[in-house]
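Participant: Okay, handing you the structure first.
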Amino acid sequence: MDDSFFEFCGNSSVFNLSLLVNSEWPQFTSCFRNSVLVWVPCGWLWLTLPVYLYYLQHLSSRHALPVRILNTLKTFLSLLLILISATQLISEVSDDRNDDSPVANVIYVSSAVKMVTFLLSSVLVQRERRKGVVTSGVLWLFWFSLTIAGIVPFYTIIIQKEYTKSLVQFALFYVYYATVLLQLLLHSFADRQDTHGYQLIGKEPSPELTSSFPSRLTFWWINKLVLLAYRKELTSDDIYDLHPRDKSSRVVPEFLNAWDNEVGRVQWINRERDRTGERHRVHYTHSSQNDRYTQDDDATETTSLLRNGASIKSSPAEGEGEKSRLAEASFFKVLLKTYWWDLSVCFFFKLIYDLLQFVSPQLLDLLIAYTNDKNQESEWKGYVYASSFFVVAVVSSVFYHQHFHVSMTLGMRIKSACISAVYRKSLTMSNEARKESTAGEIVNLMSVDCQRLQDVTGFLYALWSSPLIIVLALTLLWGQLGAAVLAGVAIMVLLIPLNAVLALKLRKYQQEQMKLKDARIKLMNEVLGGMKVLKLYAWEQSFEDKVVDIRNKELHVLKKSAYINAFSSFVWTCAPFLVTLATFATYILMSDDNYLDAGKAFVSLSLFNILRAPINLLPMIISMMAQAQVSLGRLGKFLRNADLGDDNVQHSSDSSFSVKIENGTFTWDTAMALPTLRGIELEIRKGKLVAVVGPVGSGKSSLLSAILGEMEKLQGRVVTQSNAAYVSQQAWIQNATLRDNVLFGTPCKEQQYNKVLDACALRADLDILPGGDMTEIGEKGINLSGGQKQRVSVARAVYHDADLYLLDDPLSAVDSHVGKHIFQQVIGPSGLLKDKTRVLVTHGVHWLPMVDTIVVMADGRITEVGSYDELLEHDGDFAQFLKTYLTSVDHERDDAEEDEEIQNIKLRMLQRVESVTSDGDTSADELTSGLRKRTRSRKDSQKSLESSLKADKEALEKSVAAKDKERLIEEEKAESGRVKLSVFMAYFRAIGLGVTGIIFLLYIVYQGLSVFSSIWLSQWTDDDLLANISLANTSDYRNTNYKYLGVYAGLGLGQAMSALLFNVLSSTRMVVAAGTLHQRLLSNTMRAPMSFYDTTPSGRIVNRFSSDVAIVDNTLPATIKNALTQLFGVLSTFIVICYGTPIFVAVIVPLGVFYYLVQRFYIPTSRQLKRLESTTRSPIFNHFSETITGAASIRAYKAQARFLQENRDKVDTNLTFYFFGIASNRWLGFRLQFIGNFVVLAAAMFAVVTPDLEGGLVGLSVSYAMQITASLNWMVRMASDLETNIVSVERIKEYSETPTEARWIIPGRRPPPGWPDTGSVQFLQYSTRYRPGLDLVLKDISCEFSGGEKIGIVGRTGAGKSSMTLALFRLIEAASGSIVIDRQRVGSMGLHDLRSRITILPQDPVLFSGSLRMNLDPFEQYSDHQVWQALKHAHLYKFVSDTPQQLLYECGEGGDNLSVGQRQLVCLARSLLRKTKILVLDEATAAVDMETDELIQNTIRTEFSDCTVITIAHRLNTIMDYDRIVVMDKGQIRECDSPQALLNNKSSIFHSMARDARLV
């Protein structure tokens, strides 16, 4: 075969090594030039053709590119090349005929191959154009390889003077080569897509889409953005759109489908397994009944009021064996199935890079051999070796950066998919699962765990790459040093079990830390949500201590992790040197004949340096893998949580019933002994108005939840209409405009919208709100009153135009006149919803005669169902309920403000009730005489609606006063410019400036010893005595060897000691710094004024406590140490190269200038993109917190898809900045590696051109230069990571330096014990404003309240009522004047001394997760007896005593396992426990039901009879028996006198208000 190929090539061999090596120039055979150099490039195109055609065929549909000059030229030049190739062949044949020598067959074949391939390339160009492909990597690589292959004939033809033989052939080749070069140039540009006459709207598409193949290889496509960032500060408008490949619209469905398939597969497996075993069942058995309720094991909903007298029994099937038999969906497996191809691509790039790394040591061996024998070698070899370093390095750089670009973008997609999966699960998860995963914990999943998976994706290659590199390096080392390499291997093997132990420990600590982090974020979420209550009660210190306690435990775990990491870093820092030392020592000691020459030493050292990367990477990889494994487990566990049952509710539009429940039994908590609702039978016909009534805790709200499918159905059947609208008892308001809150994602129909606003009594509010319906509503509706929030919630439901309306007591938060308006205009028989089905939970009994059906509930059961008339036919539960309500004292007080229509309704109801319930003790006339008497004292005219809308909170005053009339929440601030030195100094101060100096010094010592050890090695290898092998057995030879070895070992020991001290000191002190920074952040946050919380979303603050603190805890310490390592590594490399080849100094200056310029362009881009990425992260968490709160409403309105899309949009926005951040990193990395490649080239070239250079110095300088590429790249990466991660310190520092309130306690200015003793209050010419720069809200007011007086404060919206209470508690500070309480100026004492001595009962009942006792007495100042007494007076004694835990009963997050009424009673118990001389009531009972209102009012009258009571009155009737009334108007006191005196003065403001309220 060899002979036949020899003849085929025209009697020329394919390759002749001796010809190549022994020539004066690199000479190849004619056969090699005509075959290999033609067939290889063409073969590439033909081999990739099937795959490429398949890719083009299945490419998503795009518009064909128009015929342009670029694609026309590409096609024309391909056809021209066919013509040139044919002409070359004809010319060759013609010339050979003249010479009478036959043309070699290889020329015919190669010419044919070229012509067919050029034809193929022209076809592919047009095929790409039709498919809309703007650039082709396949074709570019073809033309590039053809260009490279043409270099050999290019110089061969000139050197061999082919022009003397055939000038035509000579000219044709260069025309051919020029055309190939032109083709390469044309294929280096991307074609442009046609806009088809459309103008681009929105953001520009990612430039990566329209970039050429070489532009993508070199990241040239991001130049425009980098230049823009250099010229100006980047804003979000400057950033391009996200690449379609990375958008959630493509990423998320792909992942979720894979997850759903995995869940379905596991469910099928478990169903198959269940066939062989009995299903585990839980039986609810009430101790006093025979009723038995059975529930399947997968029932999963929770949160209910406790019921006593119950027990849980389990069937015998219960056991651990059952659990072990159940398969679980694997989150890791789904990730692998979804992203295996992307992983494979980046792993392929990394494999090529890894293999190319081992080429350079072989080149170094050749270069050292060349310099040692320079006189006998051809000069061209030295230049080829030197140039080869550069070529290999450039190709390595391309594969390296493509690997990281693919892996980083893959990590980004994984994060996007995981966040969306967590968000989707939070919308569907059952209440049982929600009990286990609080909002804070889920935020941690999104902010920490998803981020960890993203981070670890970029380093997954280490799992296979590190072992591969180690094996290859050791194999090549064996070739250099033989069996001596086993000593190094032994050390590495010994490190494996140590590595395993460290990994297990780190994993354990990671799990502990994540649990503590979850607990801390959960608590911080609650603290931030209830901050106003904490300040009013002076409880900040207690809750700060709780957070600090958790944080200290977290820091303890971090410190243990730091010691492990320090020891790990020490081991792996010393490992490469120990391996080198052991190998060299063994090699020397194995035989006296063994000589460590420059080739062996520095090639081995280069291989050991390659080994250093995977070995040094191991500690970080171990840590990251441990963290990722924990995160995978946490995410998988969360996603495997049970969902709300799909069969809880069935939807049907055909039924004549809107709601039908048959034998329904429902529970919130499967762990509770008694289901919440039992034996429910209910049918509601279409178009009917149904009222649900009953006492507190009877299950009214739960019934609506059961209809919505929010409760776990244990048995029975629920069928409803599919289109429902829901108004919750506590209104859910989004942080959006009022209009957006009403429209709730539906198109705006102006006429319908205006009709809804009028019907829901919102028109007057729009006149008051600064921006009308475009006013932004703050987080949780902070700038709306309770009544306004509820009306917005009702308007949302009405505008939704549903078939079924579920209204959970929507009229409780509005006064009777507004309630009457909403009932008549919206809910009632003539309202907007008159044709709809309405289920109304209500305590407004006066509406009951106007409803179609009344459902009466008691103790979780429906006791009566019927019309109003039917239920009053007998003395049943309903009649008794009405009688109790209508004859209550508090009800009589509330009646005073109601109009006559409502009074007459109630009068008739009472008479009717009395007729069926009278027992002879009291006559109907006696019961109704009071009502008649009050009714006759009023005028007949109806009170206007506008005058009734005065229940708005003072938060509205803030909005009115604000300069920006429509925006309450400002965009999160992103710092601009370089990260200030003060940020770094803040971190170094947290570490300790002295300690920081010592840390730097220790590392300098370590690096200095490392450099000197390398220089010592070069001197060792160049020692003339050791080079003389003939002296090998002499004592001088051995002693010299031992001297070098001993010093080398001593230098290693010095490195080890300095490395150990550096790692221990830096790791532990950085944990201290993390604790210090968190403490400053926490302390300042707890002391921030309320104005800070009013204008800052809690998600933005939580972002600091979660993501930013996590970075400072875990990421920043490793980043700083790595940055330090790379910085000193680069400096030491330059020092060593300059020592070996001093001429290299000349190269440093231009390279330094280029490096500086590249950095100057890059840093502004990276820094600003990181800041923008940080600020766009907070909205993700804000939106998520909002979603968790309103999950029931979102599900009711079936808005899950829209909210999922909003989440995806916010994630896409965040990832856009992240994507361009990592792309800019690659842009810089590639250019800096290019600098590094020039350093290698320069070092190698100087080694070639410098005469009489010893091999040891050549090996030293070039081996160090070979490290510079990786070092520069890592230095850039670490410098970038340092600057981007230090932004977290900047963000923590920002919130650690916000303005704070006055000091909590001021020594020397503390009030006397027992203060206030009488409760007198004086305002002395007092003025105040909410924030500097705003108008005064209280203007020069002066008044005095005597001890024990009952003071009512009234006034219309914006009058300054609530401002007086805020001023009393110093939530806003005085602009001038002062407040005096019992002879003490409140402005001169500490805030806690003031706030702990007076008491407020706020409108919103806020509870925290923890024991009931902690909620009442967080400082544990009171005895259990005192706490029980407070509970007794607050009417909670029976409820608490009936719970198994009693005072230790755990309140859920936000008190969600208590009803709203019970929460308000807990707040009352707090006030009773404090029992100070001053009590402030701020609309304390506006949002609770009538029963709770009655309990609270009675308790206040009896228990606070001797206290000063200051009431912000929204209903004048509640303060008519007070001692004095203060009338506020525009921030001033207009009137202050007794109610009677003010009523007698007909010109007084109070008289006009009373007249409007029909009190006179």
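Participant: If I filter the range 621-645 down to residues being of a type outside the set (A, V, I, L, M) and surrounded by 20 or more Cβ atoms within 10 Å (Cβ to Cβ), which single residue comes out as farthest from Ser568 (Cα to Cα)?
Facilitator: Phe638
Participant: Okay, moving on. In the range 606-640, how many are at pLDDT 85 or above and of a type outside the set (Gly, Ala, Ser)?
Facilitator: 10
Participant: Select from the range 727-741 the residues that are surrounded by 16 or more Cβ atoms within 10 Å (Cβ to Cβ) and either among the charged types (D, E, K, R) or in a loop (DSSP other than H, G, I, E, B) (or both) and list them in ascending order.
Facilitator: Ser728, Gln729, Gln730, Ala731, Trp732, Ile733, Gln734, Asn735, Arg739, Asp740
Participant: Can we say Glu128 is of a type in the set (Asp, Glu) and closer than 30 Å to Arg62 by Cβ?
Facilitator: So Glu128 passes the test.
Participant: If you go through the range 50-93, how many residues are under 23 Å from Thr179 (Cα atoms), in contact (Cβ under 8 Å) with a residue 12 or more places away in the chain and either open to solvent by less than 30 Å² (accessible area, probe 1.4 Å) or part of a helix (DSSP H, G or I) (or both)?
Facilitator: 19
Participant: Would you be able to tell me the number of residues in the range 115-132 that are more than 13 Å from Leu70 (Cα to Cα) and open to solvent by 10 Å² or more (accessible area, probe 1.4 Å)?
Facilitator: Qualifying residue count for the region: 8.
Participant: How many residues does the range 597-653 hold that are without any contact (Cβ under 8 Å) to a residue 12 or more places away in the chain and part of a loop (DSSP other than H, G, I, E, B)?
Facilitator: The number of residues fulfilling the criteria is 1.
Participant: Within the range 742-759, is there a residue that is among the charged types (D, E, K, R), on the phi < 0 side of the Ramachandran plot, modelled with pLDDT of 85 or more and open to solvent by less than 60 Å² (accessible area, probe 1.4 Å)?
Facilitator: no
Participant: Let me ask something else about it. Please go through the range 668-719 and give me each residue that is of a type in the set (Gly, Ala, Ser) and more than 36 Å from the chain's Cα centre (by Cα), ordered by number.
Facilitator: Ala673, Gly679, Gly687, Ala691, Gly694, Gly697, Ser698, Gly699, Gly716
Participant: Of the residues Leu1431, Leu1495, Leu1472, which is modelled with pLDDT under 80 and in a helix (DSSP H, G or I)?
Facilitator: Within the list Leu1431, Leu1495, Leu1472, the selection yields Leu1495.
Participant: While we're here: Would you mind stating whether Gln169 is in contact (Cβ under 8 Å) with a residue 24 or more places away in the chain, open to solvent by 30 Å² or more (accessible area, probe 1.4 Å) and either assigned to a helix (DSSP H, G or I) or hydrophobic (A, V, I, L, M, F, W, C) (or both)?
Facilitator: Against the criterion (in contact (Cβ under 8 Å) with a residue 24 or more places away in the chain, open to solvent by 30 Å² or more (accessible area, probe 1.4 Å) and either assigned to a helix (DSSP H, G or I) or hydrophobic (A, V, I, L, M, F, W, C) (or both)), Gln169 qualifies.
Participant: Could I ask something else about it? Would you point out the residue of the range 583-595, among those that are modelled with pLDDT of 80 or more and farther than 25 Å from Ala462 by Cα, that is surrounded by the most Cβ atoms within 10 Å (Cβ to Cβ)?
Facilitator: By that ranking, first place goes to Phe584.
Participant: Same structure, new question: I'm trying to understand the selection: among the residues of the range 246-276, which are among the β-branched types (Val, Ile, Thr) and closer than 30 Å to Asp1209 by Cβ?
Facilitator: Selection gives Val251, Val252, Val263.
Participant: Can you tell me which residue in the range 1012-1066 is nearest to Ser1132 (Cα to Cα), limited to those that are open to solvent by 40 Å² or more (accessible area, probe 1.4 Å) and β-branched (Val, Ile, Thr)?
Facilitator: Val1047
Participant: Could you list all residues from the range 1443-1469 that are modelled with pLDDT under 80, farther than 14 Å from Leu1407 by Cα and open to solvent by 20 Å² or more (accessible area, probe 1.4 Å)?
Facilitator: Matches in the range 1443-1469: Pro1444, Gln1445.
Participant: Right, something else. Of all the helices (runs of 4 or more DSSP H) wholly in the range 1118-1223, which have at least 2 residues that are touching a strand residue (DSSP E or B) at 6+ places or on another chain (Cβ under 9 Å)?
Facilitator: Output list reads 1191-1196.
Participant: Out of everything in the range 1108-1118 that is of a type outside the set (A, V, I, L, M) and open to solvent by 10 Å² or more (accessible area, probe 1.4 Å), what residue ends up being farthest from the chain's Cα centre (by Cα)?
Facilitator: Step by step, filter the range 1108-1118, then rank; the result is Pro1117.
Participant: Of (1) buried (at least 16 other Cβ atoms within 10 Å of the Cβ); (2) among the charged types (D, E, K, R); (3) modelled with pLDDT under 85, Lys203 satisfies all except one. Which?
Facilitator: The one condition Lys203 does not meet is (1).
Participant: When you look at Leu139, is it closer than 20 Å to Ser188 by Cβ and either open to solvent by 60 Å² or more (accessible area, probe 1.4 Å) or in a helix (DSSP H, G or I) (or both), yes or no?
Facilitator: yes
Participant: Still on this structure, please answer the following. Can you tell me which residue within the range 600-620, out of those that are open to solvent by less than 10 Å² (accessible area, probe 1.4 Å) and either small (Gly, Ala, Ser) or farther than 26 Å from Leu366 by Cα (or both), is nearest to the chain's Cα centre (by Cα)?
Facilitator: Ile615
Participant: Given the residues Arg250, Arg231, which is the only one that is under 15 Å from Lys415 (Cα atoms) and either without any contact (Cβ under 8 Å) to a residue 24 or more places away in the chain or exposed (fewer than 14 other Cβ atoms within 10 Å of the Cβ) (or both)?
Facilitator: Criteria check complete, one pass: Arg250.
Participant: Right, another one. Among the residues of the range 1520-1551, write down those that are over 15 Å from Ser1342 (Cα atoms) and open to solvent by less than 30 Å² (accessible area, probe 1.4 Å).
Facilitator: Hits for the range 1520-1551 are Pro1539, Leu1542, Leu1543, Ser1548, Phe1550, His1551.
Participant: Count, please, the residues in the range 1243-1266 that happen to be within 21 Å of Ser397 (Cα to Cα) and crowded, with 24+ Cβ neighbours inside 10 Å.
Facilitator: 8
Participant: Give the residue, chosen from Glu1301, Glu1283, Glu1294, Glu1290, that is touching a Pro at 6+ places or on another chain (Cβ under 7 Å) and of a type in the set (Asp, Glu).
Facilitator: Exactly one of Glu1301, Glu1283, Glu1294, Glu1290 is touching a Pro at 6+ places or on another chain (Cβ under 7 Å) and of a type in the set (Asp, Glu), namely Glu1301.
Participant: Scan the range 687-726 residue by residue and report those that are farther than 21 Å from Leu848 by Cβ, out of contact with any helix residue (DSSP H, G or I) (no Cβ under 9 Å at 6 or more places or on another chain) and open to solvent by 40 Å² or more (accessible area, probe 1.4 Å).
Facilitator: Gln715, Arg717, Ser722
The values are calculated or read from the model by the stated rules, or taken from the named source; none is laboratory data. The shown structure was predicted, so the numbers you read here are calculated from the model rather than taken from an experiment. Here the Cβ is made from the backbone with ideal geometry for all residues, glycine too, and neighbour counts use every protein chain on show. Only protein heavy atoms, including side chains, enter the accessible area calculation; ligands, DNA and RNA are left aside. Shrake-Rupley method; radii C 1.70, N 1.55, O 1.52, S 1.80 Å.
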